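Visitor: Here it is, the structure, as structure tokens.
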Amino acid sequence: MKNIFLILILAILIGCQEKIAVKISKGNTVFSDSLQQTHLKKRQDSSAWDIDIFNSDLASKSERSTGPFTLGIFPVPRYDLIGKGTFTGLGNFGYTGSGKYYKRIEDKIILYNSFFVKKNKLNENRLGDRIDDIFFQIIVLTDSIDSLNFTHLGGAIISRNHPDYVGQGFYKTKNNKIDYVAFITPNSNSYAIVNTRLFDLNFGKTVLIAPQKDGSLRSLQIESPDLSSKEIEDFTDQLLKEERVMDFFTKPGNI
């Protein structure tokens, strides 16, 4: 009887774990305050750390800069402690340094990058049929491209804050530098900062930046539809044909 009782207890516990994963994917609040508090405690618990990730980050600490922030090497909790299937990958899509690496509007050179999160247990209901979710796109006017070493740009998206994700990057013009950072939470709140200007991405995931001849900047935030990495290039091509966008990038004061 004792063994049967233990088996029943284990079955109930396993069932509860599975229900937690379902609940956090179906509820209105995906990542509750209590789950966040538990996750924060695990950041301080060395028994919960992913040592393989930590050692890998230490080994790659000398890689080139990808944005305004130096990549910090912090021990992080194992991703699956939040729930199996809550992390399936991240990515960025844009013209980042090889092949056809820029677009044009008349004689203006246009670069862009975007960050996406792949479908997982936390976002699958919101994504529907999409394989991933673009949460930020930046489109920048430039007058300088290093086609040999590609030192004019950098970018990366980082999973080490799972289930929050941070992407960053930069673009160098002849006389200016555009730094950007964007992040998304498991509750789908997302924000970006471009050279200290804050953008609430719930009001538009696409941000256009036009550096000026006097050293200042102009921005235009655009409300874009829900997009995947497979759709972002076609969306960008169509967007760059819109009159408001063409006018924005070809104004007399632009570089």
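Each reported figure results from applying straightforward, stated rules to the coordinates on display, with no laboratory input. The structure presented is a predicted model; accordingly, all values stated were derived computationally and were not measured. Virtual Cβ from ideal backbone geometry, glycine too; neighbours counted across all protein chains shown.
Visitor: Over segment 40-249, what is the percentage of antiparallel beta bridges among all DSSP beta bridges, to the nearest 5? Let's see the in-between values first.
Guide: Details: 48 of 52 bridges.
The antiparallel proportion sits near 90 percent.
Visitor: Can you spot the aspartates and glutamates whose alpha carbon is less than 16 Å from Lys119's alpha carbon? Ignore those fewer than 8 places along the same chain.
Guide: Asp80, Asp129, Asp132, Asp133, Asp164, Asp226, Glu231
Visitor: Additional query: Divide by every residue of the chain the summed helix terms, -39500 (n - 2.57) for each DSSP H run of at least 4, and state the resulting mean residue ellipticity at 222 nm, rounded to the nearest 500 deg cm²/dmol.
Guide: Values: 6 runs with 64 residues, N = 255.
Calculated from helices alone, the mean residue ellipticity at 222 nm is -7500 deg cm²/dmol.
Visitor: Using +1 at the C-beta of Lys and Arg and -1 at the C-beta of Asp and Glu, which of Gln238, Val30, Thr142 has the Cα lying farthest in the positive direction of the dipole of the chain?
Guide: Val30
Visitor: Let me ask something else. Listed highest first by mean packing, meaning other Cβ atoms within 10 Å per residue, what order do 213-224, 195-206, 165-176 come in?
Guide: Working: 213-224: 13.2, 195-206: 15.2, 165-176: 19.4.
Listed from highest to lowest mean packing, they are 165-176, 195-206, 213-224.
Visitor: To continue, here is another question. Between beta-carbons, use under 12 Å as the cut-off and find the net charge around Ile51, counting Lys and Arg +1, Asp and Glu -1. Walk me through the numbers on the way to the answer.
Guide: Values: positive: Arg78; negative: Asp50, Asp52, Asp57.
After counting each charged neighbour, the total is -2.
Visitor: Report the full-extension gain for the segment Asn187 to Ser60: residue separation times 0.36 nm, less the Cα-Cα distance, to one decimal in nm. Please list the in-between numbers first.
Guide: On the way: separation 127, 0.36 × 127 = 45.72 nm, distance 3.06 nm.
Contour length minus Cα-Cα distance gives 42.7 nm.
Visitor: Placing unit charges on C-beta atoms (Lys and Arg positive, Asp and Glu negative, everything else neutral), compute the dipole magnitude of the chain about its Cα centre in debye, rounded to 20.
Guide: Working: 32 positive and 29 negative charges, 105 e Å.
That gives the chain a dipole magnitude of about 500 debye.
Visitor: Once you sort the root eigenvalues of the Cα gyration tensor of segment 109-161 as a ≥ b ≥ c, which label holds: rounded (a/c under 1.5), prolate (a/b larger than b/c) or oblate (the other case)?
Guide: Details: a/c = 3.84, a/b = 2.34, b/c = 1.64.
Prolate, because a/c is 1.5 or more and a/b exceeds b/c.
Visitor: Right, next: Run the numbers for Asp214 and Met246: contour at 0.36 nm per residue of separation, minus the present Cα-Cα distance, in nm. Walk me through the numbers on the way to the answer.
Guide: Working: separation 32, 0.36 × 32 = 11.52 nm, distance 2.04 nm.
Difference between extended and current length: 9.5 nm.
Visitor: Let me ask you something else. Which residue, Thr185, Thr88, Thr38, tops the fluctuation ranking in a GNM of the chain built on C-alpha contacts under 10 Å?
Guide: Fluctuation is largest for Thr38.
Visitor: I've got another one for you. Assuming 0.36 nm per residue, please report the length gained on full extension of the stretch Lys103 to Lys42 beyond their Cα-Cα distance.
Guide: Numbers: separation 61, 0.36 × 61 = 21.96 nm, distance 4.48 nm.
Taking 0.36 nm per residue and subtracting the Cα distance, the gain is 17.5 nm.
Visitor: Arrange Lys41, Lys103 by Cβ neighbour counts within 10 Å, fewest through most, would you? Show your work: numbers first, answer last.
Guide: Details: Lys41 11, Lys103 16.
Ranking Lys41, Lys103 by Cβ neighbours within 10 Å, fewest first, gives Lys41, Lys103.
Visitor: Out of Lys230, Lys61, Lys121, any idea which swings most in a Gaussian network model of the chain, alpha carbons joined below 10 Å?
Guide: Sorting by GNM fluctuation, first place goes to Lys61.
Visitor: What does the charge count around Ala192 come to, taking other residues whose C-beta lies under 13 Å from its C-beta (Lys +1, Arg +1, Asp -1, Glu -1)?
Guide: Numbers: positive: Arg197, Lys205; negative: Asp179, Asp200.
My count for the surroundings of Ala192 gives 0.
Visitor: Under 1.5 on a/c is rounded, so check that first for the chain, then, if it is not, pick prolate when a/b is larger than b/c and oblate when it is not; a ≥ b ≥ c are the square roots of the alpha carbon gyration tensor eigenvalues. Before the final figure, lay out the partial values.
Guide: Values: a/c = 2.83, a/b = 1.99, b/c = 1.42.
Here the chain falls in the prolate category.
Visitor: Classify segment 167-255 from the C-alpha gyration tensor, please: rounded if a/c falls under 1.5, else prolate or oblate depending on whether a/b exceeds b/c. List each step's numbers first, then the result.
Guide: Working: a/c = 2.04, a/b = 1.28, b/c = 1.60.
Cα axes put segment 167-255 in the oblate bin.
Visitor: GNM, the chain, Cα, under 10 Å: largest mean-square fluctuation among Gln37, Gln212, Gln137?
Guide: Of the options given, Gln37 has the highest mean-square fluctuation.
Visitor: Right, here's the next one. Could you grab the relative contact order for segment 40-249? Cα pairs under 8 Å, six or more apart, rounded to a whole percent.
Guide: Working: 375 pairs, mean separation 35.5, N = 210.
Relative contact order of segment 40-249: 17 percent.
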